[in-house]
Amino acid sequence: MNFLSDAQKRRRVSGVAFAVVMVGFLGASGYAVTKLEAHVHHRVQARVSAPTVTFVDLPIGVADLALDDLNASVADLLDGDWAAESLCSTMARHLTDTGWLASLNFVRRLPDARFQVSGVYRIPQAMVQYGDDFLLIDGHGTRLPGLYRYAPTWKLVQGVSLPPPPPGQRWNGQDIQTALDLVRLIEPELYSSQITGVLVENIGGRVAPSRCHVELATDRSGGRIRWGSGVGMELEENSPGQKLAILRANYGQTGRADANHAVIDVSTFPDRFTISG
């Protein structure tokens, strides 16, 4: 028979007691950690009750038009769990769907529910009137979101034949492309502010073949500069460069691209304009 000494008995009792204490300690530690994690999560959630989104490279001029649309597209998403694994990719899709972004670089989540968005934004190039509506397009003819009141900030394109596409899609039609070509030609000229729009109703002679196909509207009431054919569509008429040279000469001599006339024609003679009867 194997007998334990008193010392061995005491050691065994101490070992059992230690094990019991360790189990209790580990259980208590686990409980404490769980409580701590819950406390930290509660504190973090309390600090970030209103997640924020920063559009790090949004141009100021575009921000005035686009910021409300961009924020609205992700507002419902931010009401949920800001730490959700798929949130950034979902935000990216919603932001792209607004039509304001030509491309998206990233949606980045930072601590405290802060998000950064980086992308290339569509810049308004011209305003288009279709019926009673005024819409914006970028330099590629892509329609931007929203309907607007007329604003002289942009050249006004009038007389387009096709209805506007949904935001973010290209507005098809030779008339849109011709108008944008002319807006780009006129924009750097010193007299640019005197040109208020491009009239393309008769482009290609679709309404009246014998009438001027494309005209520029001026800031004079009813003022017109008869341009001729669309850019690249010229046959027996001045080139775009020759037409611009006439308008520059007018501006240099009189301070007006239209030389202080209500209506002039720059399509016929390479060194001068004509006045319509």
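Of the residues in segment 254-270, how many are among the hydroxyl-bearing types (Ser, Thr, Tyr) and either in a loop (DSSP other than H, G, I, E, B) or touching a residue at least 12 places away in the same chain (Cβ under 8 Å) (or both)? It would help to see each step written out before you state the result.
Step one: list which residues in segment 254-270 are among the hydroxyl-bearing types (Ser, Thr, Tyr), which gives 254, 267-268.
Narrowing the set further to residues that are either in a loop (DSSP other than H, G, I, E, B) or touching a residue at least 12 places away in the same chain (Cβ under 8 Å) (or both) leaves 267-268.
Of the residues in segment 254-270, 2 are among the hydroxyl-bearing types (Ser, Thr, Tyr) and either in a loop (DSSP other than H, G, I, E, B) or touching a residue at least 12 places away in the same chain (Cβ under 8 Å) (or both).
Here Phe115 clears all of (1) buried (at least 18 other Cβ atoms within 10 Å of the Cβ); (2) farther than 22 Å from Ala63 by Cβ; (3) in the same structural domain as Asn71 (by TED's automatic domain parsing) except the condition numbered (2). Within segment 77-89, the set of residues being closer than 13 Å to Val53 by Cβ and part of a helix (DSSP H, G or I) comprises Leu77, Leu78, Leu87, Cys88. Checked against the criteria, Arg93 does not count as basic (Lys, Arg), on the phi < 0 side of the Ramachandran plot, in contact with a Pro (Cβ under 9 Å, 6 or more places away or on another chain) and not assigned by TED's automatic domain parsing to the domain that holds Asn202. The criterion of at least 1 residues that are touching a residue at least 60 places away in the same chain (Cβ under 8 Å) is met, among strands (runs of 3 or more DSSP E) falling completely within segment 142-253, by 155-158, 195-199, 214-218. Scan segment 214-234 and give yes if some residue there is in the same structural domain as Tyr130 (by TED's automatic domain parsing), β-branched (Val, Ile, Thr) and more than 20 Å from Gly173 (Cα to Cα), otherwise no. Yes, there is a match, as at least one residue in segment 214-234 is in the same structural domain as Tyr130 (by TED's automatic domain parsing), β-branched (Val, Ile, Thr) and more than 20 Å from Gly173 (Cα to Cα).
The values are calculated or read from the model by the stated rules, or taken from the named source; none is laboratory data. From a predicted model like this one, the values you see are computed outputs, not experimental measurements. Every residue, glycine as well, gets a Cβ built from its backbone with ideal geometry; the counts of neighbours run over all protein chains shown.
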